[in-house]
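The values are calculated or read from the model by the stated rules, or taken from the named source; none is laboratory data. Keep in mind the model is a prediction, meaning the values are calculated, not measured. Positions of Cβ are generated from backbone atoms using ideal geometry, with glycine treated the same way; all protein chains shown enter the neighbour counts.
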């Protein structure tokens, strides 16, 4: 089974998706299940995990509604107000949602680079742990030191790092990202997604050769057992077509054993998200 562990849906409007600037004209439209189904059929993907793109409880409802209508949507990573003392009440609404697999907050957009170390945020993560759900970590490279501290506060919580922690691929820097990611990967409760890489490179001119050192690093750090493929569709369309990204990752892992390839292309996501 091949799983895309990271994609988004949205009904576009400028107010809710103000982060889409003029350079992002291609994705300033609706992207819905029928659009994604065409892409995954062409790429030979069997199922997907839908990830929140808005910081609202309504976003969780929106994604779960799509998941209820489409079998190929195997899981949902939603959003709840983790810093709210009443976060468990918000989570209670979704306690019976079989396809809800975890939560995410857009940490890298917070003005406070140490937001994840706030006491109220960590209290919210404790509620996620109690619910036996995963937490997706969305950060830039600069957040890795505090992410290590954050993860160490929650040894019984499963985490997954989105987009290999967004290294500075555009500038060709491997350090300090490489050493910090290797340190984070020592925590066995942390998974990592091979996703969002082309959009961290120069959109029109990146090459596969430029991505290889970053791919080598994550395989060395996490091993196939804790790595999973993700498309980051439709954001990826700013830099790469869905089918091409799928081919790039498949070609890269082709030198691994069949069992290791199966983990990265599907098995790890099935395990992490309990699909």
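One table, with the values for the structure above:
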{"item": "Some residue of segment 193-201 being touching a helix residue (DSSP H, G or I) at 6+ places or on another chain (Cβ under 9 Å), in contact (Cβ under 8 Å) with a residue 40 or more places away in the chain and in a strand (DSSP E or B)", "result": "yes"}
{"item": "Condition broken by residue 86, with the remaining ones in (1) more than 23 Å from residue 2 (Cα to Cα); (2) under 19 Å from the mean Cα position of the chain (by Cα) satisfied", "result": "(2)"}
{"item": "Residues located in segment 65-91, provided they are buried (at least 19 other Cβ atoms within 10 Å of the Cβ), part of a helix (DSSP H, G or I) and touching a strand residue (DSSP E or B) at 6+ places or on another chain (Cβ under 9 Å)", "result": "67, 91"}
{"item": "Selected residue (only one of 112, 35 is without any contact (Cβ under 8 Å) to a residue 12 or more places away in the chain and either assigned to a helix (DSSP H, G or I) or more than 18 Å from residue 233 (Cα to Cα) (or both))", "result": "112"}
{"item": "Cross-chain or 6+ apart pairs with Cβ under 7 Å, segment 81-106 first and at pLDDT 95 or above, then part of a helix (DSSP H, G or I) and surrounded by fewer than 16 Cβ atoms within 10 Å (Cβ to Cβ)", "result": "83/120"}
{"item": "Enumeration of residues in segment 44-64 that are under 19 Å from the mean Cα position of the chain (by Cα) and not in a loop (DSSP other than H, G, I, E, B)", "result": "47, 48, 49, 50, 51, 57, 59, 60, 61, 62, 63, 64"}
{"item": "Residues of segment 160-183 satisfying the condition of being surrounded by fewer than 22 Cβ atoms within 10 Å (Cβ to Cβ) and outside any loop (DSSP other than H, G, I, E, B)", "result": "170, 171, 177, 178, 179, 180, 182, 183"}
{"item": "Test for residue 156: is it surrounded by fewer than 21 Cβ atoms within 10 Å (Cβ to Cβ) and in contact (Cβ under 8 Å) with a residue 12 or more places away in the chain", "result": "yes"}
{"item": "Condition met for residue 221 (modelled with pLDDT of 95 or more, out of contact with any strand residue (DSSP E or B) (no Cβ under 6 Å at 6 or more places or on another chain), in a helix (DSSP H, G or I) and crowded, with 19+ Cβ neighbours inside 10 Å)", "result": "yes"}
{"item": "Enumeration of residues in segment 5-22 that are loosely packed, with under 15 Cβ neighbours inside 10 Å and over 23 Å from residue 164 (Cα atoms)", "result": "11, 12, 13, 14, 15, 18, 21, 22"}
{"item": "Hits in segment 241-251 - residues which are crowded, with 23+ Cβ neighbours inside 10 Å and assigned to a loop (DSSP other than H, G, I, E, B)", "result": "none"}
{"item": "Given (1) over 19 Å from the mean Cα position of the chain (by Cα); (2) crowded, with 17+ Cβ neighbours inside 10 Å; (3) part of a helix (DSSP H, G or I), index of the condition residue 94 fails", "result": "(3)"}
{"item": "Some residue of segment 252-268 being out of contact with any strand residue (DSSP E or B) (no Cβ under 8 Å at 6 or more places or on another chain), at pLDDT 95 or above, crowded, with 18+ Cβ neighbours inside 10 Å and outside any helix (DSSP H, G or I)", "result": "no"}
